[in-house]
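S.K.: If you scroll down you'll find the structure; I have some questions about it.
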Amino acid sequence: MVLPLTYNLRNTIVRWRATLATVLGVALVVWVFVLMQSLAVGLEKCSGNTGDPRNILIVRQGSTAESSSIVTREQFKNITYLPQIERDAAGQPLVSADLIVLISLPRRDGSGEANVLLRGVSPMGPALRPHVQLVAGRWFVPGKREVVVSRKFAARFANFELGGKFKSSGSELNVVGWLDGGNSAFDSEAWMDADEARKLFDRDDYCSVLARVSNPAAAQALIARVEADKRLPLNALPETKYYSAQTQTAKPIKFLGYFLATAMSIGAIFSGMNTMYASIGARTREIGTLRVLGYRRRAILVGFLIEGVLLALIGGLIGCALSPLTIAVLGSSAGTMNFDTFSETVFQFRITPALVAKGLFFAAIMGLAGSLLPALRAARLPVIASLRSV
């Protein structure tokens, strides 16, 4: 005989204090889990949004990041006029030599300094990144010590307002514009002219070359040409592929999220067990009555398991609902250190449907684990002993 679920549901209402404690305990665990994982998802989305599928990025062989790569000026000249590279209406190759430099700057809130990634780009650099838009001010003029900074960085670092000035490498740089990277990795950069940056920071060479191709066949041909040329000990790969691989920063945050959620879930499971044991102790006579009415032990076991899982799912839903509210109050933008470039990275919290599903699944597992042993105890209670209990 199947045990009516209305019995378990009514008991959760009658014993609302114990029910509330269980639900809130699970909600807290899921809330922390979803928030921590939304950080990691935001970092991964930031890298995934970066790059143009028509662009090929060229770096030194063995380099895992632009900042550790070297492309000489001679190599850049050889690459510039390769036939696979697309040209603009004036016949100029759509190619940019970039320089990556880390500079230390004070935070706006006075909490210390952090590394900022300064990218030197060639004149074609902005055109090769159409998703990067100038949202205030103007683009820099080569030779005038001018920079364009991320709008999100302007809220985090001192002297990044329009017209602001800051010193680096003994020279004063002027902020003349703000850029918006479209929630990509470029939101964590400041830009200036590449050749001016080489002279300012005493660099002989560039770090990478970005080239535009017209179609996938031309892209494969360019990659093969670069990697086969003995004069060019370089690697070429699609720009989108390069940035998709730059997700090392998200891994520690993901691990921390799982670690905290696991540690807290252990406490939640034991709390749920205590609540369920207390509930079963208060319902001993009821369980005996159910057995006398013909309900099998299996039905009682399943009923209590369903009760525990449903309470946990309610807590999971509350935890998932609290997460976006928390982000709305604290702000959707956050920052951390990028372990690939060792610079400040800004990104947005991302709560995706898949992340919500993970949170609910995690809650269901906690409910099942917390109610399993108490449910087994309820199913094994002797009928006579149950009926005699007070």
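The values are calculated or read from the model by the stated rules, or taken from the named source; none is laboratory data. Note that the coordinates shown come from a computational prediction; the quantities given were computed from them, not determined experimentally. Every residue, glycine as well, gets a Cβ built from its backbone with ideal geometry; the counts of neighbours run over all protein chains shown.
S.K.: Kindly indicate whether any position in region 17-28 is free of Cβ contacts under 8 Å to residues at least 12 places away in the same chain and surrounded by fewer than 15 Cβ atoms within 10 Å (Cβ to Cβ).
M.R.: So far as region 17-28 goes, yes, one or more of its residues are free of Cβ contacts under 8 Å to residues at least 12 places away in the same chain and surrounded by fewer than 15 Cβ atoms within 10 Å (Cβ to Cβ).
S.K.: Suppose we filter 190, 185 for residues that are farther than 21 Å from residue 71 by Cα, assigned by TED's automatic domain parsing to the domain that holds residue 95 and within 30 Å of the chain's Cα centre (by Cα); which single one remains?
M.R.: Values: 190 fails: farther than 21 Å from residue 71 by Cα.
Step by step, each of 190, 185 is checked, and only 185 is farther than 21 Å from residue 71 by Cα, assigned by TED's automatic domain parsing to the domain that holds residue 95 and within 30 Å of the chain's Cα centre (by Cα).
S.K.: Counting only residues that are in contact with a Leu (Cβ under 9 Å, 6 or more places away or on another chain), crowded, with 17+ Cβ neighbours inside 10 Å and among the hydroxyl-bearing types (Ser, Thr, Tyr), which one in region 158-203 is nearest to residue 125 (Cα to Cα)?
M.R.: For region 158-203, the residue satisfying everything is 188.
S.K.: Right, another one. Can you tell me which of (1) part of a loop (DSSP other than H, G, I, E, B); (2) under 29 Å from the mean Cα position of the chain (by Cα) is the one residue 90 doesn't meet?
M.R.: Every condition holds for residue 90 apart from (2).
S.K.: Let me ask something else about it. Pull up region 94-138, narrow it to residues that are in a loop (DSSP other than H, G, I, E, B) and over 30 Å from residue 74 (Cα atoms), then point me to the one that is farthest from the chain's Cα centre (by Cα).
M.R.: 138
S.K.: Sort out which residues of region 213-257 are touching a Gly at 6+ places or on another chain (Cβ under 6 Å) and modelled with pLDDT of 90 or more, and write them in order of number.
M.R.: Across region 213-257, the qualifying residue is only 239.
S.K.: Filter region 34-67 for residues that are at pLDDT 85 or above and assigned to a helix (DSSP H, G or I); which is farthest from residue 82 (Cα to Cα)?
M.R.: Ranking the qualifying residues of region 34-67, first place goes to 34.
S.K.: Here is a follow-up. Could you tell me whether region 78-93 includes any residue that is in contact with a Gly (Cβ under 8 Å, 6 or more places away or on another chain) and surrounded by 16 or more Cβ atoms within 10 Å (Cβ to Cβ)?
M.R.: No, that holds for no residue.
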